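Bear in mind these aren't lab numbers, they're just calculated from the coordinates by the rules spelled out. As the structure is a computational prediction, the values presented were derived from the model and not from experiment. Every residue, glycine among them, receives a Cβ derived from its backbone with ideal geometry; neighbour counts consider all protein chains shown.
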Amino acid sequence: MTEPIRTILQESRPDQAVIDRYARAAAGLIGAENVSANHVDLLSTCRDYWPVNSIWMLEGAVPALPQLVVWPQSTEEVSQLLALANEQRIPVVPYGEGSGALGGVIPLRGGVMIDLKRMNKLRSLDQKNLLVTVEAGVNGELYEEHLNRAGYTGGHFPQSLRCSTVGGWLACRAAGQFSTRYGKIEDIAVSTEAVLADGTIFRGRRVPRSSTGPRVDRLMIGSEGIFGVITAATLRVWPLPEKRHLASYTFENLDDGLEAIRLVMRSGARPAVVRLYDAVETGNHFPELSDQRCALILLIEGARTIVDAEQEVIAEHVLANGAEESGSKYVEHWLETRFNISAASRLLQKGAVLDTIEVTTNWHNALSTYLAMQEALKGVEGTIMASGHWSHVYPEGAALYMTVVGFPAEDKITYYKKLWQGAMDASLAEGAAISHHHGIGLHRGLWMAEEHGKGLEVLRRIKGALDPHGIMNPGKLGLEEVAKWQK
Amino acid sequence: MAEVNMEELLNCALCPNICRCECPVLQVLGREAVAPSGKARLAAMLQQKQLNWDEQVLEAVSNCLGCRGCTIYCPFAELSLCDELLNTRLDAKDGGIKLSVVDPCLVNLSKHGSPYGQKKGSSAAGDSGAEILYFAGCTSQANHPESIEAARALFREAGVPFQMIEEDCCGYPAEVWGDEELARQLAAENRRKIAESGASTLVTNCPECWLTFTDRYPAWGEELPQEVVDGPTYFLGLIKAGKLKPRQSSLGKVSYHDPCIWARTAEKTAEPREILERIPGLSLEEPLSCGKFTRCCGGGSMFQLSFPEASAAIADRRLAEFPEGAAIITACPFCREGLLQDGEGRRVLELIELLAKTCCR
């Protein structure tokens, strides 16, 4: 016999008798085929793609285990399942496709995983108003494929497109690679439909905007499951672009590149993709380019005449800032490889610790934040690479995305925590936001107090009002201390 | 027995799986345990003795169509999760675990040489000593004798002598169900009969048989002495040689479903389309996913027998990708069965039957 699987972060769990009763009642509500206490289902939903989970997996452990998995197929079923869990004080964690990077779905206190993947219908496509209403569990690539068939795009292409759900995008406040033109998920979402901890269903209105007090359905965007379950959303769509223009440039240094982008954004041009790589990443992604220079790749798309005009304005600004043209082939290469993250699997097996840490900078501190974070990451013994790029560009700043790889001599988790402490301290000291689009989950909750100040208490009060028994995704977003995961 | 490649298995287990959108089983069941990485993690845990075999584990790692849809976007060039899962399942028998739902099928294979039970009659036919051996496969033998009739008619029309042997199942179902010993027994028996036939070329219209003959038989030490040719390539050759002359078809709009093995393993996507193009009166319209991007019909890895409900749901999902009003043409007996699960009663034909209808008097 094998030993029982080791759990690292498991806190208290409801009595099994309580779960068994819940399972019987849930089976009565949604059908026994949609309820499972099968150990393979529990093992499979207990984690996401937080690198620490991968380290533990290679050591034969899991972060924590749920006690039940349920697959509702309608918003009403979600409501019934939550109301029942609320009565019994059973923890509930919503689950999409598990591509989160910060341990956001770890069932720290056992309970029930609500897997949304059987809610995967595209309810309506309103071509007149350019709106689609879609259920939370649909896979991102299949969502986009469906829209493309009808001549539209959803404009949202996170690196996880093929391994994430629409509900996951909303829950973690995601950003896609084409976000400078189409916006982030909160810009794309017109309204959400959600269920609160006590089973209350509420839906936002699908109007462009309203001046009717705070839009409460927008509270769900970025809530990472702590208030309830997002079950559907109405999102903006766009006609498929008439023209796409690809361009790349190199700069002698990051300062020139950042200034060029700032001026492009100031001009009013809105390229879909803007990515400026430091010299290390330029060398890694585009070996033909000199690793002494910094590559900028741009993708502009939309109506032909607008693309032509934007192309002209953008070229003017980047060339005036010392850029050298590199043609379209590097952008084509990026388009072909942009979802590929195979290096992580290989490096982890070789004993590496790695992660990506994205923060938001303004223009005035873009370079200084990069330098400070890089210095902090390189300063931890064992680090062999700390690189970065900017993407998701705004008139007032950009997302900075750092990648770090190390082979620590010390315990991997200790090393991992040192990396993050250094990166977060540097980011906070420079005035950046501690996350741009990966969200908070479990791990980044350790810095939520520094990020929000009194704002975190406001968030706690809202949580207390919407989920008084604290059943929804406990231990996440830094709202409470998790004894087994400290700095 | 083939070894599990632990490094490749872990590459998948540690990956967020950009293939998830192309795993039909995951997309219809919505269960993490049957996601590519979910299955890879369970398989890795079995290898590392962190998990024991039980029917729940076997059920999860058997939930693979072998369609290689997960290879479309897979960043690991050397990884074939379908093969790793198949190799993983071969260990289950030693652990005393089997899928109870396929137990009767394994008994049938052992007793009758067919997963479907006692054969309906002898399959031996044709001209003894002919250079061409046609191997129909157990699914056509049991469920679609009309496709075998079509093949015979085409050989006669082309004036090509052919023979058929008393076939046993090629061994594919036994292997996907984890009984390699039985698969090898069936292979040895088939190889003996095929070798004794004296034919120089074996033609098969069943992709599963083709895969087993060309890939598994050599691995089991049962390599066939003949050249093994897929049906679409062979019959296209007869058309090109002027031996078959397709006449007008009244079918009108048709859409071709690429069987996974023909498209992704054999890379035979052009040949069937060229046959369709040479039949006057047809207009070919592609389904949403086609060629090497094809999506499984729900018939891979004997799913219709192992997991009939999931198989039907996968077929529904695939059928929704075809243009309205088009007859669906395919070149695999399992795909034919999968797509015939269509509740809307769409016309589904094997390419070989369509060809026979237009070529033979």
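Kirkwood hydrodynamic radius for region B:112-188: how many Å is it when counted over pairs of different Cα atoms?
13.3
In degrees, nearest 10, range 0 to 90: what is the angle between the Cα axis of helix A:412-430 and the longest Cα principal axis of chain A?
60
Using alpha carbons only, how many degrees (0 to 90, rounded to 10) separate the axis of helix B:145-158 from the longest principal axis of chain B?
40
As an exercise, identify the trypsin sites (Lys or Arg not before Pro) in region A:1-99 lying in DSSP coil whose Cβ has no more than 13 other Cβ atoms within 10 Å.
Within region A:1-99, the qualifying trypsin sites (Lys or Arg not before Pro) (loop, at most 13 other Cβ atoms within 10 Å) are A:Arg89.
With charges only on Cβ, +1 for K and R and -1 for D and E, what is the dipole size of region A:243-337 about its Cα centre, in debye, rounded to 20?
420
P(r) for the protein assembly as shown: what percent of alpha-carbon pairs falls in each 10 Å bin, starting at zero?
In order of increasing distance, the bins hold 2, 12, 21, 23, 19, 13, 7, 2, 0 percent.
What is the average number of partner chain Cβ atoms found within 10 Å of a Cβ in B:70-77?
Mean shielding count: 3.
Calculate the spin-label point distance for A:Arg21 paired with B:Asp127, positioning each point 7 Å from the Cα along the beta-carbon direction, and give it in nanometres.
Modelled inter-label distance: 8.0 nm.
Hey, what's the per residue convex hull volume over the C-alpha atoms of region A:306-407, in cubic angstrom?
Convex hull volume per residue, Cα atoms: 136 Å³.
Cα to Cα, under 18 Å, and not fewer than 8 places away if on the same chain: which lysines meet these conditions relative to A:Lys329?
Answer for A:Lys329, where 18 Å is the Cα cut-off: A:Lys243, listed by chain and number.
Of B:Val203, B:Tyr217, B:Asn11, which is farthest along the charge dipole of chain B in the positive direction, counting Lys and Arg as +1 and Asp and Glu as -1 at C-beta?
B:Val203
Select from region B:209-259 those trypsin sites (Lys or Arg not before Pro) which occupy a DSSP coil region and have at most 13 other Cβ atoms within 10 Å, ordered by residue number.
Of the trypsin sites (Lys or Arg not before Pro), the ones in loops of region B:209-259 whose Cβ has at most 13 other Cβ atoms within 10 Å are B:Arg247.
Treating only the Cβ of Lys, Arg, Asp and Glu as charged (+1, +1, -1, -1), what charge dipole size does region B:282-361 show about its Cα centre? Round to the nearest 20 debye.
Approximately 260 debye in magnitude.
When the Cα atoms of region A:122-239 are enclosed in a convex hull and the volume is divided per residue, what value in Å³ results?
About 98 Å³ per residue, rounded to a whole number.
How shielded is B:4-15 by partner chains, expressed as the average number of their Cβ atoms within 10 Å of its Cβ atoms?
Neighbouring Cβ atoms belonging to other protein chains average 4 per residue here.
Whole number please: convex hull volume per residue, Cα atoms of region B:1-142, in Å³.
For region B:1-142, the hull spanned by Cα atoms encloses 160 Å³ per residue.
When the label point is put 7 Å from the Cα of B:Lys245 along its Cα-to-beta-carbon vector, which residues of region B:251-286 have a backbone N closer than 15 Å?
Flagged as within label range: B:279-280.
Between helix A:304-320 and chain A, what is the angle of the helix's C-alpha long axis to the longest principal axis, kept within 0 to 90° and rounded to the nearest 10?
Relative to chain A, helix A:304-320 is tipped by roughly 60 degrees.
Which residue fluctuates most in the GNM of chain B (Cα springs below 10 Å): B:Glu344, B:Glu55, B:Glu271?
Comparing B:Glu344, B:Glu55, B:Glu271 in the GNM, the peak value goes to B:Glu344.
If you count, for every residue in A:337-349, the Cβ atoms of partner chains within 10 Å of its Cβ, what is the mean?
Neighbouring Cβ atoms belonging to other protein chains average 5 per residue here.
For region B:225-342, what's the relative contact order in percent, using C-alpha pairs closer than 8 Å and at least 6 residues apart?
That works out to 30 percent.
Based on Cβ point charges of +1 for Lys and Arg and -1 for Asp and Glu, what charge dipole magnitude is obtained for the protein assembly as shown about its Cα centre, in debye rounded to the nearest 20?
With only Lys, Arg, Asp and Glu charged at Cβ, the dipole is about 1800 debye.
Could you give the alpha-carbon Rg of chain B over 2.2 N^0.38 Å, rounded to two decimals?
That ratio works out to 0.97.
Which of the listed residues, A:Ala279, A:Thr212, A:Leu335, is farthest toward the dipole's positive end in chain A, when Lys, Arg count +1 and Asp, Glu count -1 at the beta-carbon?
The one lying farthest along the dipole's positive direction is A:Thr212.
Go through A:Leu289, A:Ile306, A:Pro239 and say which Cα lies farthest out towards the positive end of the charge dipole of region A:222-323; charges sit on Cβ, +1 for Lys and Arg, -1 for Asp and Glu.
A:Pro239
Using helices alone, I'd like the mean residue ellipticity at 222 nm for the protein assembly as shown: each DSSP H run of four-plus residues gives -39500 (n - 2.57), total over residue count, nearest 500.
-11000 deg cm²/dmol
Students often check this: by mean Cβ neighbours within 10 Å, which of A:364-371, B:290-297 ranks highest, and how do the rest follow?
Those peptides, ordered most packed to least, come out B:290-297, A:364-371.
When 1/r is averaged over all different Cα pairs and the result inverted, which Kirkwood radius in Å belongs to region A:6-117?
It is 14.0 Å.
As a quick test, which of the pairs B:Lys49/B:Lys292; B:Lys119/B:Lys193; A:Lys350/A:Lys417; B:Lys240/B:Lys357 have an alpha carbon distance above 28 angstrom in this structure?
In this structure, B:Lys49/B:Lys292 lie more than 28 Å apart at Cα.
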